[in-house]
1. For segment 226-266, how many residues meet the condition of being in contact (Cβ under 8 Å) with a residue 24 or more places away in the chain, open to solvent by 30 Å² or more (accessible area, probe 1.4 Å) and out of contact with any Leu (no Cβ under 7 Å at 6 or more places or on another chain)?
2. Tell me, yes or no, whether segment 430-439 has at least one residue that is among the charged types (D, E, K, R), at pLDDT below 95, farther than 26 Å from A366 by Cβ and in a helix (DSSP H, G or I).
3. Could you please tell me which pairs satisfy a Cβ distance under 8 Å, a separation of 6+ or placement on different chains, a first residue in segment 321-345 that is farther than 30 Å from S286 by Cβ, and a second residue that is of a type in the set (S, T, Y) and at pLDDT 95 or above?
4. I'd like the full set of residues that are assigned to a loop (DSSP other than H, G, I, E, B), of a type outside the set (D, E, K, R) and open to solvent by 10 Å² or more (accessible area, probe 1.4 Å), limited to segment 163-177.
5. Search segment 68-82 for residues that are of a type in the set (D, E) and pair each with any residue that is open to solvent by less than 40 Å² (accessible area, probe 1.4 Å) when their beta-carbon atoms are under 7 Å apart and the residues are at least 6 apart or on different chains.
6. Can you pull out the residues in segment 74-86 that are part of a helix (DSSP H, G or I) and surrounded by 20 or more Cβ atoms within 10 Å (Cβ to Cβ)?
Amino acid sequence: VQGQGRLQAAPHRGASTKTRRSAMSTMAAGYETGVALAAPDKLCDSDSTDGSFSGEPTVAQRLVEIPRDQGMKNVRALLERDMANRYQAKIPELNFLLQSERWFAKYLGMKYACSLNSGGIAISLGLEAMRRVLFPEDKCNEIRIYSNAFTFHAVPSACVEAGFRETLQLIEATPELVIDLDHLERCIKQDLEARRFAKGKMILVLSYMRGRVPNMHRVMELCKEYDMQLLEDSAHGYGCSFDGRMCGSFGVVSTISTQANKLVNTGEGGMVFTNNDEMQAYFIFSAGSYEELWRKHEELSPPEEVSLKYKFSVSNKSVRMTNIQGAIMYPQLAVMQERIDQHNSMYAYMVQRTHANLEEMCGAGASKRIAFIPQAHELVGPVYDSLQFRVMQADGSMAEKELNGLNEFLKMMQNRKYSMAKFSDPANARNYLSWQYLKADEILPDALPQTTHNLANVCDLRLLCHDTEVEMDKLSADLAECIKACLLK
């Protein structure tokens, strides 16, 4: 139940089924009148208001169907009361967006959260706010932006939309697919030595692409040494941690995405987080608040004097998330940690089974042909909601070029209904060669040779939070069979 306007983080998997059933009954009772009475952490994993679930629920029921059904009831309650817009939510229990923002801010350990219509616009607004608050006298061409050469193209797009096309510098990827911090430091030193940019006029837009986290101790050391500001793109990284600290809590600004295939799925959407009062004011008014509506963000509003400073001086971009999306999001928060646990458990199982199948089907040593790409540092707390593996040469070493049979292997997997792709495909939106809105001379293979090399032969597949041993057994068997048919001829 709500208290002091704050929600508890999602419970661990060990919470008793009896406790969760009782709490779900409370929430269900509230929804008979269309009012949510329980916080998301009280959502049970088994009972249903219509009795459609009996006994112990399946993984799919617990992690997908029950939260989805509750989300639909939330939506119906909003539509019946004309509260689809966050600022129309006159019943506090039906302001699902504000409740979700509170939950996420507490989960990450950040002071403020603001919901938006995409993770991409969250990055763009984050950069705009950082420029306005931290660099009020500087033009965009005086601020260097560093960011991953391997990420989804929404990240460089956001940098461009924020006005930083000319000063964006892509940083090479390591074999573990994280940003190369040695290359980053070399680029910083080159910029300082050439006097292209001054110390303190730099922003690192760090993307945890596919949940891959670099050494955050080193990241923070570089930020401190060169007076560089950090924006974290946690679209693929929320739920991840480094040395016990949540990803999304290191930077001046951090962002998440709730777009389809993410840990929490609202179709489209995102959030931006900060501890800075002025930046939060910028986010609220840029998103689409006007007149006195900023007050409806309650404790997630900055102080009045700060809000009034930005109220009339920020253009309205009309990029708010709807309360309907919040209604869908809110029940998923109850099971987010369990989704993480399920992802990680099934990933470990799948890796073990794939290697075993390769050895059994293809002979001793065959498991060396697939290298499941590990996290870059032992202190990373991962979220394996996707898998990336590198197809290796017969001796287990990385190939210099794309291996013969790789395309045939991908086609065979696709024919078995897996949406598997290779990162080296120039049409893949995660390959920098497809970012042709950037400066032409900076998106050539010769410009980023290390990234080009490290993306070769790497295959990518999103996983489902409700995958079980049954699906993982099939996936591991299909991987082994297709590797044998196409790459072990």
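1. Going through segment 226-266, the residues in contact (Cβ under 8 Å) with a residue 24 or more places away in the chain turn out to be 226-259, 261-266.
Next cut, open to solvent by 30 Å² or more (accessible area, probe 1.4 Å) only: 227, 229, 243-246, 252, 259, 261-262, 265.
Those still in the list that are out of contact with any Leu (no Cβ under 7 Å at 6 or more places or on another chain) too: 227, 244-245, 259, 261-262, 265.
Counting residues in segment 226-266 that are in contact (Cβ under 8 Å) with a residue 24 or more places away in the chain, open to solvent by 30 Å² or more (accessible area, probe 1.4 Å) and out of contact with any Leu (no Cβ under 7 Å at 6 or more places or on another chain) gives 7.
2. Start the filter on segment 430-439 by keeping residues that are among the charged types (D, E, K, R), which leaves 430, 439.
Pick out the ones that are also at pLDDT below 95 and you get 439.
Restricting the remaining residues to those that are farther than 26 Å from A366 by Cβ gives 439.
Narrowing further to those that are in a helix (DSSP H, G or I): none.
No, segment 430-439 contains no residue that is among the charged types (D, E, K, R), at pLDDT below 95, farther than 26 Å from A366 by Cβ and in a helix (DSSP H, G or I).
3. Once the first residue is farther than 30 Å from S286 by Cβ and sits in segment 321-345, its partners that are of a type in the set (S, T, Y) and at pLDDT 95 or above give H343/Y384; N344/Y384.
4. Of segment 163-177, the ones assigned to a loop (DSSP other than H, G, I, E, B) are 163-164, 172, 174-177.
From what is left, the residues that are of a type outside the set (D, E, K, R) are 163-164, 174-175, 177.
Matches in segment 163-177: G163, T174, P175.
5. Here the result reads D69/S48; E80/G34, each pair linking segment 68-82 to a residue that is open to solvent by less than 40 Å² (accessible area, probe 1.4 Å).
6. Step one: filter segment 74-86 for residues part of a helix (DSSP H, G or I), giving 74-81, 86.
If the condition is that a residue be part of a helix (DSSP H, G or I) and surrounded by 20 or more Cβ atoms within 10 Å (Cβ to Cβ), then N74, A77, L78, R86 are the ones that fit.
Quick grid of which residues meet (1) touching a Pro at 6+ places or on another chain (Cβ under 9 Å); (2) open to solvent by 10 Å² or more (accessible area, probe 1.4 Å):
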site	(1), (2)
S301	no, yes
E305	no, yes
F312	no, yes
N323	no, no
I328	yes, yes
P331	yes, no
Q342	no, yes
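The values are calculated or read from the model by the stated rules, or taken from the named source; none is laboratory data. These numbers were taken from a predicted model, which means no experiment stands behind them. Using ideal geometry, Cβ is built from the backbone for each residue, glycine included, and neighbour counts are taken over all protein chains shown. For accessibility, only protein heavy atoms count, side chains too; no ligands or nucleic acids. Shrake-Rupley method; radii C 1.70, N 1.55, O 1.52, S 1.80 Å.
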